[in-house]
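Beneath this line is the structure, given in structure tokens, with notes to follow.
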Amino acid sequence: MYRTLLGLFAAFAGALVVVAATLSAYTPAPRADFVFVNGSEPQSLDPHRMKGQIEGRLADALFEGLTRKDPGTFEPVPAVAASWDVSPDGRTWTFHLRPDARWSDGDPVTAHDFAWSWRRLQEPATASEYSAVLHVVRHARALNKYGAQVAALRGDAAGKDGDAREGVIRRFDALLRAHPAGVPFRAWTEFVTDDRNALRDQVAGTAESALVAPLSRTSGDLTPAEGEAVLAALGREAERRAAALALARAHFGVDQGAFARDERTFVVELDALAPYFLELTSFYVTFPVHRKTVDRYGLDWFREGRLVGNGPFLLASWQVNEKIGLVRNPTYWGASEVSLRTVDVLPYDNQTTALNLYLMGDVDWLPGIYPPDLIDQLSRRPDFHANPGMIVYFYRLNTTREFLRDVRVRRALAKAIDREAIVRDLTRKGEIPTTTVVPPGVPDYASPSNDLAYDPAAARRLFAEAGYGPQGKPFPRFTIVFNTSEGHKKIAEFVADQWKKVLGIEVQANNKEWQALLADVAKLEYDVERAGWIGDYRDPKTFLDMWTTGDGNNETGWSDALFDRLVGLASDAGSLASWTPAQVDELVVACREGDRMRALLAAQRDAADAAARMEATLAVRLQLFREAEARLLIDGVPIIPFYFYVNTGLVQPDVEGIRYWGTKDGARVPNLQDEHPLRDVSTARSRGSRP
Amino acid sequence: MSRPSPVRVVGGLATGVVAFVLLRGVLGVAGGAGAALGVAALAAWRFPRAALVRVLWSLPLFLLLVFVSVQLMFRVPGDPFASEKLADKAVLERQRDLYGIPAKSFAGGCEFYGAYLRRLVVDGEMGPCLKVQGRSVKEVLLPALPVSVSLGLCALTIACGLGLFLGVRAGLRPNTFRDYSSMGFAIVGVSLPSFVIGSLLILVFALGRPFDWFPAAGWGSVSRLVLPSVALALPYAAYIARLARSGTVEVMGQDFVRTARAKGLTEREVVLKHALRGAIVPVVSFLGPAAAGIVTGSFVIETLFGIPGMGQWFVRGAVNRDYYVVLGTVLLESGIVILFNLLVDLALPWIDPRLRGRS
């Protein structure tokens, strides 16, 4: 018996030693000035390889761009750039950097740092997923994408498999030879969508009409002549892209595109008109990184002890799954404006845990991380804040499905949904129901009205016109897929139920694991999919250009030549001033609001000076987007918008600087992008009124 | 002393190899090799034959396990670099290259398998973490393991103490109020999932005044250990109580207990000296796999209490398609399961004299 007891005793003593040893490895730190729950570990702290809000909150603390967002108005204000000038045509921006901007190792932050960083962002080797936000910069797209496209078109000698070595052009040649009497439409579509070719991606943005027309065609075989024209155009396209790439490699970051004129002058040349450009310069993807550190450590340069930043805070510690510790950066030029001395960032993704900690006072800010079922109780609290955001909730319709080809069917589906009821009874945070995709609050822009609002009778009528319904053909059973989430499930079931009631069709609501869903949608293997889209900057472009032909985020199979053209023209709205009357007429006829377009174009052409012309050009640009949105949601309807999200959060009463609403020109404005830079936050602790 | 046999020599070597792979990360190559030699010698000389056979078996088992896991990962739809905002194909390809992940196919899986094993055996590395970039799998799993082990050991201690007490108490007086009350507790404990128990504990002992004695979440102090340990322990305690009860009931009816009573021992001595040993045999058999599970962490408890342990990686690795993390957890979990079963096999004859001399 004693042996047993002794054994037990030894076992427990051993256990105690292990526990004590583990716990003693943790030195209890005093509570930080500010603690918030971030919802997850950041995937990366390299601004060029970040892709979401979780990383963005840390990027804003550790780095600083040319501009930053004012905490009161949410407008871009000077940061590393003390001032800037814009050329009269709006295409060249010159930033004058402040002399006292420093890296945390003491080096000055120079224009060369920005030139090198922006080039690194576009280098394919960096594998940035967000590099496209700066594709408006001259040469950037070429540097970033053309290498891979030329290799895919011409074949890549270094390609790993036979397909890659062969190339799209040679494969299309083989297709032509196999069909001497013309390529049948089906074979052509298969060729275009074939994963090995991904033809739309390879020639995205092409001006070759011999390519554009066949690519946006929805029926009809390719005649032998058209086939040869496509082949020739592919060759020319590869040629053109190779030449552009060579230019970009030689000049981007050196003396063109985005480059340093001297230590403190950073010049950016844009390919397109981008009134939102200053928002991009305060967006973390455009932040500079420290060249010496990146060169020295490579892929893992941003770990604690290595990371050199230029932001208001330093990375003090990073215990995975436990916390990230930030401390105020003494070398930051605006350090005297920063109140918080220490910040703890908790990675917890469990909403209940986060709320518990908040309720106990251990956490100062919960950015929307709480159990959604408690929304009714929480939204009544005085420390609960909400504002409309720049996120749209919508369903994608797979327009390549036989039964979803007819736009009347897609319209009928959209009109059979009572969005008010969804927002009132299901989501309950005060979301804004919508039939458009560009959220309110985008400056100077108003979405065109469309005919997708809830109207069961009209929906039934459209359905009957398309040949379905009680007197027509039976509609096939189909499925709404959504990533596993209680909220999406409730909405999908509600929608399925409405479609059944209004249109009499059988719809299944199926959840799917996130990764599996993404894979299916990318392959267009779905009927209807729930989706969301977050705007990157306050401009219609971020919500509209994804629906152009060949955009990787389109994923509906929808392709519309006029829509592509409108979006394309919007980026180049300045050139419309020099159009001939015939060209203007042609565009005006295609527009829904033709008279308005004609008036705006006339105003642009007759502008008295450069400033007036710029103003008129910007108006034309927005009108083009307005037409594009009308085209998308009146004529196309590849998606059904539901509502705009609201940003919510719980903020302890003593916290200042976490603002959900601000004021601009005396009016109350929402913090659309839900950005709350820690630089401008203070708490009772940091202000010194509490130890 | 047993004479040298092929099993002893090969088994000893195999144990040495396992020890080397495990220890080199902590002790370095030279230290690991030295320690492994010692372990190999000790194993060949002193380990029971059954244990050596088990170690020998575990080697091909590991290889097979990793192979099957890799192929399954490469079958499952999804990609570690996919997100709702679709990245360019070329970008995804480049990211796969950066992190050494071939295209998804059987052949790609085989290539990945070969590269992974080479990295594991030759470099002693388990690959980079894909969702928390800048870290290696070893760097995220190694600090997480002791956290889960400490939590697990506390929970196990509570579970054993409470479970054995209730179970033996019930088993000594079957079908009385004592029995019913203990087993009632056990049924509640087995039926209530640990997240419910955890939430209730937080509600009462963290948020509920005047009992707000403990923090609601976090790690790093004794007070933060209490609620999660109890929440993790209760279901196990309930199960152990049921096992201990049936063990006790069975043993108390046996001849040797009657003999013990007949020779005039007090009831206390009968129970403690003779009955208990037999009664805890089923408990110990259960403890092997249970301890392996409890020590490698509980996803539910760890997320609920915000504890930086192992459990989260099992789930997150799979959900995020973080291939290297998945394989790391597979290796770790299987190693621990094999180890604990081995320990139980070694411990049982030591506890129960009836099982001695069988191996």
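The values are calculated or read from the model by the stated rules, or taken from the named source; none is laboratory data. Since this is a predicted model, take the numbers as computed values, not measurements. Every residue, glycine among them, receives a Cβ derived from its backbone with ideal geometry; neighbour counts consider all protein chains shown. Surface areas here come from the heavy atoms of the whole protein model, side chains and all, with no ligands, DNA or RNA. Shrake-Rupley method; radii C 1.70, N 1.55, O 1.52, S 1.80 Å.
When the gyration tensor of the stretch A:516-649 is built from Cα positions, what are the square roots of 5 times its three eigenvalues, in whole Å, from largest to smallest?
Those come to 32, 17, 12 Å.
I'd like the projected area of the stretch B:57-112, averaged over all directions, using the convex hull of its alpha carbons. Report it in nm² with one decimal.
In nm², the orientation-averaged hull projection of the stretch B:57-112 is 4.4.
Accessible area drop of at least 50 Å² (1.4 Å probe, protein heavy atoms): which residues of the stretch A:7-46 qualify, relative to the chain alone?
In the stretch A:7-46, residues shielded by partner chains: A:Phe12, A:Val19, A:Thr22, A:Leu23, A:Tyr26, A:Gln43.
Quantify, in whole percent, the carbon and sulfur part of the accessible surface of the stretch B:43-117 (1.4 Å probe; protein heavy atoms only).
70
Using the Cβ atoms and a cut-off under 13 Å, what net charge is assigned to the surroundings of A:Arg538, where Lys and Arg are +1 and Asp and Glu are -1?
Value of the local net charge: -4.
Which of the GluC sites (Glu not before Pro) found in the stretch A:544-638 are loop residues per DSSP with 15 or fewer other Cβ atoms within 10 Å of their Cβ?
Here the sparse-neighbourhood loop sites are A:Glu593.
Averaged per residue, what accessible surface does chain A expose to a 1.4 Å probe, in Å²?
41
Sum -39500 (n - 2.57) across every DSSP H segment of at least 4 residues in the protein assembly as shown, then divide by the residue count to get the 222 nm mean residue ellipticity, nearest 500.
-15000 deg cm²/dmol
In whole percent, what relative contact order does chain B give with Cα contacts below 8 Å and a gap of six or more residues?
19 percent.
Can you tell me the orientation of helix A:2-24 relative to chain A, as the angle in degrees between its alpha-carbon axis and the longest Cα principal axis, to the nearest 10?
The answer is roughly 70 degrees.
Taking Cα centroids, how far is the stretch A:421-448 from the stretch B:233-252 in Å?
58
Which whole number gives the average count of other chain Cβ atoms within 10 Å of the Cβ atoms across peptide A:518-527?
Mean inter-chain Cβ contacts per residue within 10 Å come to 2.
Determine the sum of side-chain charges near A:Ala561: Lys and Arg each +1, Asp and Glu each -1, restricted to other residues whose C-beta is under 14 angstrom from that of A:Ala561.
In short, -2.
Within a 10 angstrom radius of each residue's Cβ in A:354-362, how many Cβ atoms of other chains show up on average? Whole number is fine.
What the average comes to for A:354-362 is 4.
Can you give me the angle between helix A:53-62 and the longest principal axis of chain A, using Cα atoms only, in degrees from 0 to 90, rounded to the nearest 10?
In chain A, helix A:53-62 runs at an angle near 60 degrees to the longest axis.
Quick one: grab the alpha carbon gyration tensor of the stretch A:389-482, order the square roots of its eigenvalues as a ≥ b ≥ c, and give me rounded if a/c is under 1.5, else prolate or oblate depending on whether a/b is larger than b/c.
It is prolate, given that a/c is not under 1.5 and a/b is the larger ratio.
Give me Rg/Rg_expected for the protein assembly as shown, where Rg uses Cα atoms only and Rg_expected = 2.2 N^0.38 Å with N residues.
The protein assembly as shown yields a ratio of 1.07.
Which of the residue pairs A:Lys51/B:Lys104; A:Lys429/A:Lys489; A:Lys292/B:Lys131; A:Lys429/A:Lys490 have a Cα-Cα distance greater than 20 Å in the structure shown?
A:Lys51/B:Lys104; A:Lys292/B:Lys131
Can you give me the accessible area per residue for the stretch B:1-47, using a 1.4 Å probe, in Å²?
Solvent-accessible surface per residue comes out at 60 Å².
Who wins for biggest fluctuation among B:Glu302, B:Glu93, B:Glu139 in a Gaussian network model of chain B, springs between alpha carbons below 10 Å?
B:Glu93
Report the one residue of B:Ala155, A:Phe494, A:Gly666 whose Cα lies farthest in the direction of the positive end of the charge dipole of the protein assembly as shown (charges on C-beta: Lys and Arg +1, Asp and Glu -1; origin at the Cα centre).
B:Ala155
In the stretch A:140-251, what percent of the accessible surface is made up of carbon and sulfur (1.4 Å probe, ligands and nucleic acids excluded)?
54
What net charge is computed for the residues neighbouring A:Asp173, neighbours being all others with C-beta under 14 Å from the C-beta of A:Asp173, Lys and Arg scored +1, Asp and Glu -1?
+2
Can you figure out the FRET efficiency of A:Ala225 with A:Leu562, using R₀ = 30 Å and their beta-carbon distance, to the nearest 0.05?
Taking R0 as 30 Å, the efficiency between A:Ala225 and A:Leu562 is 0.75.
How high is the relative contact order of the stretch A:140-251, in percent, counting Cα pairs under 8 Å that sit 6 or more residues apart?
Normalised by residue count, the contact order of the stretch A:140-251 is 35 percent.
How would you classify chain B from its alpha-carbon gyration tensor, with a ≥ b ≥ c the square roots of the eigenvalues: rounded for a/c under 1.5, else prolate if a/b is greater than b/c, otherwise oblate?
Cα axes put chain B in the oblate bin.
Treating the angle as unsigned and between 0 and 90°, give the value, to the nearest 10°, between the Cα long axis of helix A:610-630 and the longest Cα principal axis of chain A.
Once rounded, the angle reads 80 degrees.
Probe radius 1.4 Å, ligands and nucleic acids left out: which of A:Ser449, B:Ser136 has the largest accessible area, and how do the rest follow?
Sorted by accessible area, descending: A:Ser449, B:Ser136.
Given a cut-off of under 8 Å on Cα pairs at least six residues apart, what relative contact order in percent is computed for the stretch A:389-644?
Result for the stretch A:389-644 is 31 percent.
In square angstrom and rounded to 100, what buried accessible area do you get between chains A and B, total over both, with the probe at 1.4 Å?
For A against B, buried area totals roughly 5400 Å².
Would you pull out the residues with amide H under 5 Å of A:Ala509's amide H, same chain only if 5 or more places away, H placed 1.01 Å from N?
Those qualifying (amide H under 5 Å, at least 5 residues apart or on another chain) are A:Ile480.
Among the chymotrypsin sites (Phe, Trp or Tyr not before Pro) within the stretch B:179-254, which fall in a DSSP loop and have no more than 14 other Cβ atoms within 10 Å of their own Cβ?
B:Phe211, B:Trp213
What is the distance in Å between the Cα centroid of the stretch A:108-129 and that of the stretch A:46-84?
Distance between centres, Cα-based: 16 Å.
What whole-number distance in Å separates the alpha-carbon centres of the stretch A:199-255 and the stretch A:585-622?
Going from one Cα centre to the other spans 30 Å.
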